[in-house]
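Right, one structure below, let's go through it.
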Amino acid sequence: MDRSQLLREQLQRWLQAELIDAEVAEAIQRWEDSQPNQSTHSSVRHLAVPIRLSILLGSLLLAAGLLLFVSAHWDQMPPLWRVSLLLFIVIALHAGGAWFAERFQLMATGLHAVGTVAFGAGVFLCAQVFHLDVLWSFRWGLLLWSFGAAAGWMLLRQWPQLALLSLLLPGWISALIMFEVDRFSSSEPDWVVVPIAAGALLTALTYFTAPDRTPLTPARSVLMWMGGLALVPLAVTWAVVATGLDLPALGQPLWLSLLVWVVMLGGPLILGWWLRPHRFWPLALAAIWMIVDLVIQVQGFSVLSFAWWGVGSVGLMVWGSTEARAERVNLGTVLLATTLIGFYFTEVIGRFDRSLSLLGLGLFFLIGGWGLNRLRQALLPNLPPKSPF
């Protein structure tokens, strides 16, 4: 049965049930007949993924080719030509994106994204032209690049600019703290890696939990994906960094240590309050969880540390269940499974011989997978049927 015949039968049933009148049925029929063939829409949807991949790959190759072309001829050009070439590339890319805006939106997005990347490369290359030191480039070059990405997002409202801004601004803050701490530190400033890792993890969690119960906006969707992709790697990084710490800020001024921690944890908390002022308190609990985890790691309580990570994973799952966000329940399940696997390999498997350890590993995966699935299903019923993850 084709689509038009099925529609006619449905309209006839609705007429018999007196849900609609003949005039409304005729209007529905005319509107449906005026729509393009659904097979055409289906083919367009199937072609969307290859086209998007092609545009993404082409944008990356274009950016790499432009950078290689500039670097290959960089030494043969006078300073004025260098600056002019960089300016021309940025303007040409954004002009091309504006030209394609009404003709091919995907191409416009790709060209604007490459233009924003080229702007950042131009900032660092201009610093080289005018013989500015490397410290200036990382202190202020990243900030200028962040300004460019922010301006692009405000003008274009396209996701690549916001994605770049979400990476560049925390990167600039981290670089600035590392260089400034080096000036005031009385010894090797390796300890600053710990608050930077904590700030990066809390920032990723802030991005990931940006959506709330309200409909998902494009900006919050970009932040959610950026945070979701970075959360697990940053969680592993934080676990490694915190485990390898003997004493935090050893030999450093107390005011300097407190200032660094306040900046690295306070920045994501302020952002979280701005994004979700009425549901801000779980982020504050996450910051407290990280501080307690650091104390546990410093004291060397490995078993307690695994239990504390399990509490944090379940907390993320419950947070997602209460706010009807399936992606948080799913990612919390992944973190809890990773914690259990890490506990088995570090605390359990070495206590048995090879055969018993393999037997236990099999039972661990079977029972653990069943238990995690039951826990996940218990937290998912209140969620909507559609989820971005």
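The values are calculated or read from the model by the stated rules, or taken from the named source; none is laboratory data. From a predicted model like this one, the values you see are computed outputs, not experimental measurements. All Cβ positions, even for glycine, are placed from backbone atoms using ideal geometry, and neighbour counts span all protein chains on display.
Sort out for me the helices (runs of 4 or more DSSP H) sitting completely within the stretch 241-339 that have 1 or more residues that are in contact with a Lys or Arg (Cβ under 7 Å, 6 or more places away or on another chain).
Ranges flagged: 302-322.
Would you please name the residue that is surrounded by the fewest Cβ atoms within 10 Å (Cβ to Cβ), looking only at residues in the stretch 274-316 that are over 24 Å from the mean Cα position of the chain (by Cα) and β-branched (Val, Ile, Thr)? Top of the filtered list is VAL303.
Yes/no matrix, rows are residues, columns are (1) in a helix (DSSP H, G or I); (2) modelled with pLDDT of 75 or more; (3) within 26 Å of the chain's Cα centre (by Cα):
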{"site": "GLY96", "(1), (2), (3)": "yes, yes, no"}
{"site": "GLU102", "(1), (2), (3)": "no, yes, no"}
{"site": "ALA108", "(1), (2), (3)": "yes, yes, yes"}
{"site": "GLY122", "(1), (2), (3)": "yes, yes, yes"}
{"site": "SER137", "(1), (2), (3)": "yes, no, yes"}
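So for the stretch 124-144 (the condition being within 21 Å of LEU62 (Cα to Cα), of a type outside the set (A, V, I, L, M) and crowded, with 21+ Cβ neighbours inside 10 Å), does at least one residue qualify? No: the stretch 124-144 contains no residue that is within 21 Å of LEU62 (Cα to Cα), of a type outside the set (A, V, I, L, M) and crowded, with 21+ Cβ neighbours inside 10 Å.
So is VAL114 in contact (Cβ under 8 Å) with a residue 24 or more places away in the chain and more than 17 Å from GLN158 (Cα to Cα) or not? No; evaluated as a whole, the condition is false for this residue.
Residues are listed down the side, and each one gets a yes or a no for (1) closer than 28 Å to ILE341 by Cβ; (2) in contact with a His (Cβ under 7 Å, 6 or more places away or on another chain); (3) in the same structural domain as LEU162 (by TED's automatic domain parsing); (4) touching a residue at least 40 places away in the same chain (Cβ under 8 Å):
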residue	(1), (2), (3), (4)
THR217	no, no, no, no
TRP261	no, no, no, yes
ARG276	no, no, no, yes
LEU283	yes, no, no, yes
GLY300	yes, no, no, no
PHE306	yes, no, no, yes
ALA326	yes, no, no, yes
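ASP182 satisfies every condition listed in (1) over 25 Å from TYR207 (Cα atoms); (2) modelled with pLDDT of 80 or more except (2). Would the stretch 95-106 turn up any residue that is surrounded by fewer than 19 Cβ atoms within 10 Å (Cβ to Cβ) and in contact with a Phe, Trp or Tyr (Cβ under 9 Å, 6 or more places away or on another chain)? Within the stretch 95-106, one or more residues are surrounded by fewer than 19 Cβ atoms within 10 Å (Cβ to Cβ) and in contact with a Phe, Trp or Tyr (Cβ under 9 Å, 6 or more places away or on another chain).
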